[in-house]
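This report concerns only the one structure given below.
The values are calculated or read from the model by the stated rules, or taken from the named source; none is laboratory data. Every value quoted in this text rests on a predicted model; they were computed, and no experiment measured them. Virtual Cβ from ideal backbone geometry, glycine too; neighbours counted across all protein chains shown. Just the protein is used for accessible areas: all its heavy atoms, side chains included, with ligands, DNA and RNA removed. Shrake-Rupley method; radii C 1.70, N 1.55, O 1.52, S 1.80 Å.
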Amino acid sequence: MCGIVGYIGERCAAPILINGLKKLEYRGYDSAGVAVFDNGALKVVKCKGRLKCLEEKVANETLEGKVGIGHTRWATHGEPNDVNSHPHISNSGKIAVVHNGIIENYIKLKEFLQSKGYNFESDTDTEVVAHLVDYNYKGDLKEAVMSTISELEGSYALGVICSDCPDMFLAARKDSPLIVGLGRGENFIASDIPAILEHTRDIYILEDKEIAVLDKDNVKVFNIYGTEVKKEVFHVNWDVAAAEKSGYKHFMMKEMCEEPKVLKDTISPRIKDGKIVLDSINIEPEYLENINRIHIVACGTAYHAGVVGKYLIEKLARIPVEVDVASEFRYRDPLLSDKDLVIIISQSGETIDTLFALRESKRKGARVLSIVNVVGSSIARESDEVLYTWAGPEIAVASTKAYNTQLAVLYLIACDFAKKRGTIDDEQLERIIEQLKEMPSVVDKVLQNKEAIQKFSSEHYNAKSIFFIGRGLDYALSMEGSLKLKEISYIHSEAYAGGELKHGTIALIEKGTLVVCPMTQDDLLEKMISNIREVKARGAVVLAITQEKNKEVEKVADVVIKIPDVDPLVAPIAAITSMQLFAYYMAVQKGCDVDKPRNLAKSVTVE
Ligand code: G6P
């Protein structure tokens, strides 16, 4: 969601800004723009559409300035059009601003500024920031930005340039991500690391309400009271290739193919001498003995990982678990105490509803353990304890490898808690550990079977509506399989518990309706076979996903995608890869923009 890049140095800013924005395309956007300080004035070029349109527009201008800010906008206030695109410029032409987030009190501020004679051109909330900085500007840009942010309610990551100050620019943030890149003779700001990785690996992570003042040789960071803050340099250790397609047609395919490796990276360091060792957290047996409840809170794909987590923790550690979508949890006044553990799951570590759910949990005294992919992200920093998923950068909007690693961490947590509570015997624990260690090679085998899935997709990509049904862990998987499909192929899809089908949804099954059935749970296999017979009797075409050993499934389903014979408990890690591949090939066959699906954003930093 909205990407920000800023540059100051010796090089021409515009191409650096546009290249940086390209690296943030995954966040989702519908318009883009840059403002560059050029020959004594601020020049703004912006337009609706893809960065290619912006590039063409910029090519027709002479933009030679060495200071600038750029933005990709994901529309919230006002439709995607040229005028609503960022940067926004003050009436005086002095101040240009890019913004990610939502200014919640913008109407009040707009009325105030209008009463002072400011004219508004756009429908955005952001334009008030440009005019407010202008209004507060009395010759000191830092003071003006500080006064401005003290008046803003809501969330923001901001880049601000001023035509009076050609040798500097400012950045500030609250609840929306922003980093500062530290170069030699040049400095940067960006919403995320990939935007600046080709220039520097040293960054500052800005905290809420911090303001960074950048010139080409120095970066100073101040708190809201204007006191300088000493920042630690964070060194990014992943390489540029991790954020590139490396020969794959789509990031999504590259990321699915990385699943064996990232599963190994996530699982192996946490298994030592056959035992699970979660040494980055310190959840004591006594705490788990007296625990009241676990709440798993997340959004989207991470929420679906949480649903699997509930099954696992309840089954193995015998602790009651509730799973909530963060946007509901944070507003429903959840019952929490210091005996509740809240597990927050987030790939980006920046999803705003999830971040606020975390803060609400801490405010109520609960302990917060997070499962996060992006090191140093807001959720990771604000949690009491963190377990990282070592999935590396995930660029495709549709989450794949991050989900598999979130599952892996949830297995480790469930086993660790079960061991500490004495609810699992050594033999069972050893068996699960052995199976977890096998998962990278199991998923590799699932990936090798991709042609079968591709073939099936090439025959069914015209489907108008697809149902996913499953029982137990397979129901949790169905939810994620269905989400993946609708996100990238735009095919209507719903996930249902197999046993719930008869209570309404079966009315929608008719001749040719496609039904996808993950069937990895031995004890529920017969029940699922009955469900398949029910939908087939009404004309459905059934694609089943099951372990090789389950020969009886072949007798009822139209097509069976086989996964290796793994224990039902760990099967979700492998089965989901088939479903991700299915969504991918359906979308590719339909000619969809797989990595950047319409209307979606990778990192949802507004409510
Ligand atoms: C967006 C993304 C999803 C993701 C969800 C939660 O909707 O498109 O892929 O699952 O946000 O994101 P998080 O970064 O918190 O896991």
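Before moving on, here are some points about what is shown:
- Yes/no for E328 being open to solvent by less than 60 Å² (accessible area, probe 1.4 Å), of a type outside the set (V, I, T), closer than 20 Å to I344 by Cβ and at pLDDT 95 or above: no
- In the range 26-45, residue nearest to H88 (Cα to Cα) [restricted to those that are open to solvent by 40 Å² or more (accessible area, probe 1.4 Å) and not in a loop (DSSP other than H, G, I, E, B)]: V44
- Odd one out for A157 among (1) out of contact with any Pro (no Cβ under 8 Å at 6 or more places or on another chain); (2) crowded, with 22+ Cβ neighbours inside 10 Å: (1)
- Taking the listed residues V213, V180, V160, the one that is assigned to a strand (DSSP E or B) and closer than 30 Å to A391 by Cα is V180, with no other qualifying.
- Meets criteria (part of a helix (DSSP H, G or I), in contact (Cβ under 8 Å) with a residue 24 or more places away in the chain and buried (at least 18 other Cβ atoms within 10 Å of the Cβ)) for L312: yes
- Residue match in the range 570-580 (condition: assigned to a loop (DSSP other than H, G, I, E, B), exposed (fewer than 15 other Cβ atoms within 10 Å of the Cβ) and either under 30 Å from the mean Cα position of the chain (by Cα) or not assigned by TED's automatic domain parsing to the domain that holds Q428 (or both)): no
- Positions within the range 50-73 being open to solvent by less than 60 Å² (accessible area, probe 1.4 Å) and either modelled with pLDDT under 90 or in contact with a His (Cβ under 6 Å, 6 or more places away or on another chain) (or both), in sequence order: L63, H71, R73
- Evaluation of L278 against the conditions (1) over 23 Å from the mean Cα position of the chain (by Cα); (2) open to solvent by 60 Å² or more (accessible area, probe 1.4 Å) shows that the sole unmet condition is (2).
- Selection over the range 553-595 of residues that are within 16 Å of the ligand (Cβ to nearest atom) and touching a Phe, Trp or Tyr at 6+ places or on another chain (Cβ under 7 Å) gives a count of 4.
- Scanning the range 282-328 for residues that are within 16 Å of the ligand (Cβ to nearest atom) and of a type in the set (D, E, K, R) gives D324, E328.
- In the range 1-25, residue nearest to A243 (Cα to Cα) [restricted to those that are within 22 Å of the chain's Cα centre (by Cα) and open to solvent by 20 Å² or more (accessible area, probe 1.4 Å)]: K23
- All positions within the range 583-602 that are aromatic (F, W, Y) and in contact with a Ser or Thr (Cβ under 6 Å, 6 or more places away or on another chain): Y585
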